[in-house]
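As structure tokens, the structure follows; a few thoughts come after it.
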Amino acid sequence: MNLEKLEKQTHEAIDYWIEEFKGYDFDNIVMKPSENEWSMGQVGIHLWMSAKGFFFKNAKKCLSKEGTEKGKSKKFGAHLIFTFKMMPPVRYEMPKQVSVVPKQPETKEQLIGKLEEIKKMASDYIHRIPQSDPELKIKHPFLGWLNTSEWITLCNIHCRHHVRQKKRIEQHFGWK
């Protein structure tokens, strides 16, 4: 695995969001297309929450060998996601028991700071990949068993997946 390439791609995926948020007024960042849809700011908070509380949390478990198993593998669909480095272009709905509606960011600076935080975390975990056993895995609820590098790669894929949602929001408001 080329760690420099993974770090560069992950930083680019996060930097995309940082730069996009810098270009918007805060009032636009928190505008929701409808009551049941997220604002761009909520998407940004979701990216931060999922990176910190899911992707990197599970990468850390793989590194510390906490709750890991050997001899397990990804599901077929996960192989496709990792091969093509993208999720299918469909809308996903999280099961109600794990679904969390992200709060609106308090300020544009707070939102950008949270994204900068996960960018630093990504680098920290990427640099620790060589210390991990690629056979130690934690189960993803839909994709099967993932190791440290796969959890980090999934964070990258996830950030890029939500660009479609951002574009739908922009199109709804006629911004781009």
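The values are calculated or read from the model by the stated rules, or taken from the named source; none is laboratory data. All of these numbers come straight from a predicted model, not from anything done at the bench. When we count neighbours, we look across all protein chains shown, and the Cβ atoms used for this are built from the backbone with ideal geometry, even at glycine.
Pick from Thr10, Thr83: which is of a type in the set (Val, Ile, Thr) and free of Cβ contacts under 8 Å to residues at least 60 places away in the same chain? Write out each step before concluding.
On the way: Thr10 fails: free of Cβ contacts under 8 Å to residues at least 60 places away in the same chain.
The unique qualifying residue is Thr83.
Would you please list the contacts, defined by Cβ atoms under 7 Å and residues six or more apart or on different chains, that run from a residue in segment 116-144 that is among the polar types (S, T, N, Q) to a residue that is part of a helix (DSSP H, G or I)?
Ser123/Glu7; Gln131/Leu63; Ser132/Cys62; Ser132/Leu63; Ser132/Thr148
Restricting the search to segment 44-80, which residues are assigned to a loop (DSSP other than H, G, I, E, B) and touching a residue at least 60 places away in the same chain (Cβ under 8 Å)?
Lys65, Gly67, Thr68, Lys70, Gly71, Lys72, Ser73, Lys75 - these are the residues of segment 44-80 that are assigned to a loop (DSSP other than H, G, I, E, B) and touching a residue at least 60 places away in the same chain (Cβ under 8 Å).
Let me confirm something: among Lys22, Lys60, which residue is out of contact with any strand residue (DSSP E or B) (no Cβ under 6 Å at 6 or more places or on another chain), surrounded by fewer than 17 Cβ atoms within 10 Å (Cβ to Cβ) and either at pLDDT 95 or above or of a type in the set (S, T, N, Q) (or both)?
Working: Lys60 fails: surrounded by fewer than 17 Cβ atoms within 10 Å (Cβ to Cβ).
Testing whether each residue is out of contact with any strand residue (DSSP E or B) (no Cβ under 6 Å at 6 or more places or on another chain), surrounded by fewer than 17 Cβ atoms within 10 Å (Cβ to Cβ) and either at pLDDT 95 or above or of a type in the set (S, T, N, Q) (or both) leaves just Lys22.
Looking only at segment 32-43, decide whether some residue is without any contact (Cβ under 8 Å) to a residue 40 or more places away in the chain and in a helix (DSSP H, G or I). Lay out the reasoning, then the answer.
At the first step, the residues of segment 32-43 found to be without any contact (Cβ under 8 Å) to a residue 40 or more places away in the chain are 32, 34-36.
Narrowing further to those that are in a helix (DSSP H, G or I): none.
Within segment 32-43, not a single residue is without any contact (Cβ under 8 Å) to a residue 40 or more places away in the chain and in a helix (DSSP H, G or I).
Please go through segment 13-31 and pick out each residue that is of a type outside the set (S, T, N, Q), assigned to a helix (DSSP H, G or I) and in contact (Cβ under 8 Å) with a residue 12 or more places away in the chain.
The initial filter retains those residues of segment 13-31 that are of a type outside the set (S, T, N, Q), namely 13-27, 29-31.
Checking the rest, the ones that are also assigned to a helix (DSSP H, G or I) come to 13-22, 26-27, 29.
If the condition is that a residue be of a type outside the set (S, T, N, Q), assigned to a helix (DSSP H, G or I) and in contact (Cβ under 8 Å) with a residue 12 or more places away in the chain, then Ala13, Ile14, Asp15, Tyr16, Trp17, Ile18, Glu20, Phe21, Lys22, Phe26, Ile29 are the ones that fit.
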